[in-house]
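The values are calculated or read from the model by the stated rules, or taken from the named source; none is laboratory data. A quick note: this is a predicted structure, and the numbers were derived from the prediction, not measured. Positions of Cβ are generated from backbone atoms using ideal geometry, with glycine treated the same way; all protein chains shown enter the neighbour counts. The accessibility values were calculated without ligands, DNA or RNA, using every heavy atom of the protein model including side chains. Shrake-Rupley method; radii C 1.70, N 1.55, O 1.52, S 1.80 Å.
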Amino acid sequence: QFGVQCVIGLLAMLAAVIFHGTQSSQLPDIGYLVLVDKFFILSYTIIFLTLAQTVIAHNLHRRGATERAAALDGLCRVLFPLIYLAGVAALLVPNL
């Protein structure tokens, strides 16, 4: 189901870009990043990493390294949410 996984990732990236554009159009034009911009950059990074992991796992599976592909999937299912939560916490804690 490689195609479905890629489409979901690309749609998530498209939705994030559109939502970011909608949010930034509501703010005055300034020459620096605000908190919401940093949040979206973090979101773009996680979505991109998810897409890259999908491609890598698919290539591993095609080459016969099914166990390595499954291990990568399992690791990333834990690691990516932790990275995202740590990033959001790093963005929000200094602003409290």
For the chain, accessible area per residue (1.4 Å probe, heavy atoms of protein chains only), Å²:
72 Å²
Can you work out the base-10 log of I(q)/I(0) for the chain at q = 0.12, 0.13, 0.21 1/Å, using the Debye formula on its C-alpha atoms alone?
-0.49, -0.56, -1.07
Need the full-extension length gain, Arg63 to Leu91, defined as separation in residues times 0.36 nm minus the C-alpha distance. One decimal, nm.
6.1 nm
Output ³J(HN,Hα) for region 33-44: one whole-Hz value per residue in order, computed from phi by the Karplus curve 6.51 cos²θ - 1.76 cosθ + 1.60 with θ = phi - 60°, and x for Gly and Pro.
7, 9, 4, 5, 5, 5, 4, 5, 4, 4, 5, 4
How far apart, in nm, are the 7 Å Cα→Cβ label points at Leu14 and Val34?
2.8 nm
